[in-house]
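The structure appears below as structure tokens.
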Amino acid sequence: MVKFIAFFYKKGYNLTNEVEYGFITVQEARKNYNMILTKEQSALLEGEKGETMAKVMKTLVMYGEAFGAEKMVPITSEYGHTVISFGIGVMTPVYELYDKLLSDNIVSKQKFSADPRPLDKNVPSSFAQNLVFKLMYSQQERYEEQLRKFGLMGDDAYTCACYLPEVGNVPKRGDVLSWAESSAVVYANSVLGARCNRNSGIIEIMGSVAGFVPEFGFLTDEGRKADWVIEIRTEKMPEAQLLGSAIGMKVLEKVPYIKGLDKWIGTELNERACAYLKDFGAATASNGSVGLYHIEHLTPEAVDYGEKLIREGAPVYIIDDKELERVKNSYPCIWKNPDAKPKLCFMGCPHMTMQQLKDWTVRIEEGLKAAGNKKVTIPTVFTSAPGVIRQFKETEYAARLDATGVILSYICPLMYMNNPLSKKMPVITSSNKLRTYTSARFYTDDEILKMITKGAE
């Protein structure tokens, strides 16, 4: 993200200081764009609603043309989603961008959700860690105030899993989105059948402001066809995070068509299947760059079109139990001491669903009873969306989970782990996204359960 912002500043996309950075002017953009624009879009580019909005349109036009887009299409979803949720000092250009937009009375065309907050005093941390957190996220209050003014859905709208029904940001099939957050984009495209490219936070902002996005990639029928065929030949239900990791590392940014997974998770997009796909998709997006997948007999487009989605000559990747074990064994352990006892466990990256919270409550209770323990043996944090947590606390499961010693939080584990002092901690997780981006060590759900109820060996 930081590199992307730096690119925009270097190339001329700052909204506040065109001369200093040698930016391409709006006048130059008017002469050089090839995209077919509507009268409304052309008027915005020509400065009908001011120079700032003209620069927003210029950014979108140049971005779209870089990917071969011939036109822009309206955003049709009710809500947007932004990936930038943390007030870290290095993101000062973003805060300046919001200041400029707000000063010109430019806000999002949609209300929107945002990725999780980075801090929660209830999550275990040392005095030194807290000092670093305070320094790292020194702009948090300023930035959240900007988001509220810009169009945030509400104070409960901070979650990477914005598509959960308790959050309220659930796009309809065919909706055109301007979202940022790789795990949310791949879920919206694949499970919900909406249409969104893997945007950066900056492009998401521009699209939300303009109400249009360039039409290319996953916004087109051609861009949604499958480039790979994945055949699942496992003897047991594949771990969602491992399967997603294997596929992501193989296909990279391409679209996979997956056969045989419906045998394990069914042909109905119920709560458990969607929870599985949430974690599966996040792993494909973080261990690769997958923005869309199709699962035979399950996801909307695969149900409607089947193998017609597969491009001619698509290569085949066969995944069996041995292949998943090979992938798991390939993960490096970057702890200073590989034999260290875990000091913290994070579950919920992306945020856990209501069903996952309930299921894990039962699993932990049973694990503790079998081990003869009353509370988890490793400090354990379950993260979920504020709206999910609020509703979960109204169920009988909340008191039961609390009795096990598990901490329930709304934070982003990744943002916690970005603290240099956190990086030195032996942290465990079953999230492949958290493993990929931090020093956290991956274990399967079953391994995690054993470690937190019986104790790490």
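The values are calculated or read from the model by the stated rules, or taken from the named source; none is laboratory data. Since this is a predicted model, take the numbers as computed values, not measurements. Glycine gets a Cβ as well: all are built from the backbone with ideal geometry, and neighbour counts include every protein chain shown.
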Could you tell me which residue of the range 96-114 is nearest to residue 385 (Cα to Cα), considering only residues that are crowded, with 16+ Cβ neighbours inside 10 Å and touching a Gly at 6+ places or on another chain (Cβ under 9 Å)?
113
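Within the range 153-167, count every residue that is in contact with a Ser or Thr (Cβ under 8 Å, 6 or more places away or on another chain) and more than 17 Å from residue 84 (Cβ to Cβ).
Our first condition is that a residue be in contact with a Ser or Thr (Cβ under 8 Å, 6 or more places away or on another chain); within the range 153-167, this holds for 153, 157-162, 164, 167.
Imposing the further condition that a residue be more than 17 Å from residue 84 (Cβ to Cβ) reduces the set to 164, 167.
Count: 2.
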Cβ-Cβ under 8 Å pairs, at least 6 apart or on other chains, the range 35-52 side without any contact (Cβ under 8 Å) to a residue 24 or more places away in the chain, far side outside any helix (DSSP H, G or I)
43/49; 45/33; 45/37
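Out of curiosity, is residue 76 closer than 26 Å to residue 173 by Cα, of a type outside the set (Gly, Ala, Ser) and either surrounded by fewer than 18 Cβ atoms within 10 Å (Cβ to Cβ) or in contact (Cβ under 8 Å) with a residue 40 or more places away in the chain (or both)? Break it down stepwise before answering.
Numbers: closer than 26 Å to residue 173 by Cα: yes; of a type outside the set (Gly, Ala, Ser): yes; either surrounded by fewer than 18 Cβ atoms within 10 Å (Cβ to Cβ) or in contact (Cβ under 8 Å) with a residue 40 or more places away in the chain (or both): yes.
The answer is yes for residue 76.
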Out of all the residues in the range 280-303, is one or more touching an Asp or Glu at 6+ places or on another chain (Cβ under 8 Å), over 23 Å from residue 198 (Cα atoms) and not in a loop (DSSP other than H, G, I, E, B)?
no
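Looking at 127, 150, which one is surrounded by 18 or more Cβ atoms within 10 Å (Cβ to Cβ) and not polar (S, T, N, Q)? If you could, list the steps in order and put the result at the bottom.
On the way: 127 fails: surrounded by 18 or more Cβ atoms within 10 Å (Cβ to Cβ).
Result of the check over 127, 150: 150.
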Condition first: among the charged types (D, E, K, R), surrounded by 12 or more Cβ atoms within 10 Å (Cβ to Cβ) and at pLDDT 90 or above. Now tell me which residues in the range 3-47 satisfy that.
40, 46
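Applying the selection to the range 426-437, what residues are crowded, with 23+ Cβ neighbours inside 10 Å and not charged (D, E, K, R)?
427, 428, 429, 430, 431, 432, 434
Condition check: hydroxyl-bearing (Ser, Thr, Tyr) and within 27 Å of the chain's Cα centre (by Cα). Does residue 377 satisfy that? Spell out how you get there, then give the answer.
Numbers: hydroxyl-bearing (Ser, Thr, Tyr): yes; within 27 Å of the chain's Cα centre (by Cα): no.
So residue 377 fails the test.
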Residues within the range 234-290 that are under 23 Å from residue 329 (Cα atoms), among the hydrophobic types (A, V, I, L, M, F, W, C) and within 19 Å of the chain's Cα centre (by Cα), tallied:
14
When every residue in the range 409-428 that is in contact with a helix residue (DSSP H, G or I) (Cβ under 6 Å, 6 or more places away or on another chain) and not in a helix (DSSP H, G or I) is compared, the one nearest to residue 359 (Cα to Cα) is 410
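Is it fair to say residue 326 is of a type in the set (D, E, K, R) and more than 22 Å from residue 455 (Cβ to Cβ)?
Numbers: of a type in the set (D, E, K, R): yes; more than 22 Å from residue 455 (Cβ to Cβ): yes.
It is true that residue 326 is of a type in the set (D, E, K, R) and more than 22 Å from residue 455 (Cβ to Cβ).
Please find, among 383, 353, the residue that is hydroxyl-bearing (Ser, Thr, Tyr) and within 30 Å of residue 89 (Cα to Cα).
Numbers: 353 fails: within 30 Å of residue 89 (Cα to Cα).
Selected residue: 383, the only one of 383, 353 that is hydroxyl-bearing (Ser, Thr, Tyr) and within 30 Å of residue 89 (Cα to Cα).
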From the list 192, 164, 242, which one is in contact (Cβ under 8 Å) with a residue 12 or more places away in the chain, over 24 Å from residue 310 (Cα atoms) and among the aliphatic types (A, V, I, L, M)?
164
Candidates 169, 199, filtered to the one that is under 19 Å from the mean Cα position of the chain (by Cα), modelled with pLDDT under 95 and assigned to a loop (DSSP other than H, G, I, E, B):
199
Could you please find all residues in the range 172-190 being outside any loop (DSSP other than H, G, I, E, B) and surrounded by fewer than 24 Cβ atoms within 10 Å (Cβ to Cβ)?
176, 182
Output yes when any residue across the range 394-403 is in contact (Cβ under 8 Å) with a residue 40 or more places away in the chain and assigned to a loop (DSSP other than H, G, I, E, B), and no when none is.
no
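Kindly evaluate residue 401 against the criterion of being buried (at least 18 other Cβ atoms within 10 Å of the Cβ), more than 16 Å from residue 351 (Cα to Cα) and either modelled with pLDDT under 95 or of a type in the set (A, V, I, L, M) (or both).
Details: buried (at least 18 other Cβ atoms within 10 Å of the Cβ): yes; more than 16 Å from residue 351 (Cα to Cα): yes; either modelled with pLDDT under 95 or of a type in the set (A, V, I, L, M) (or both): yes.
For residue 401, the condition - buried (at least 18 other Cβ atoms within 10 Å of the Cβ), more than 16 Å from residue 351 (Cα to Cα) and either modelled with pLDDT under 95 or of a type in the set (A, V, I, L, M) (or both) - is met.
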For the range 332-359, pairs from a residue that is in a helix (DSSP H, G or I) to a residue that is buried (at least 24 other Cβ atoms within 10 Å of the Cβ) and not aliphatic (A, V, I, L, M), with Cβ under 9 Å and 6 or more apart or across chains, are 354/384; 356/278; 356/279; 356/348; 356/384; 357/348; 357/384
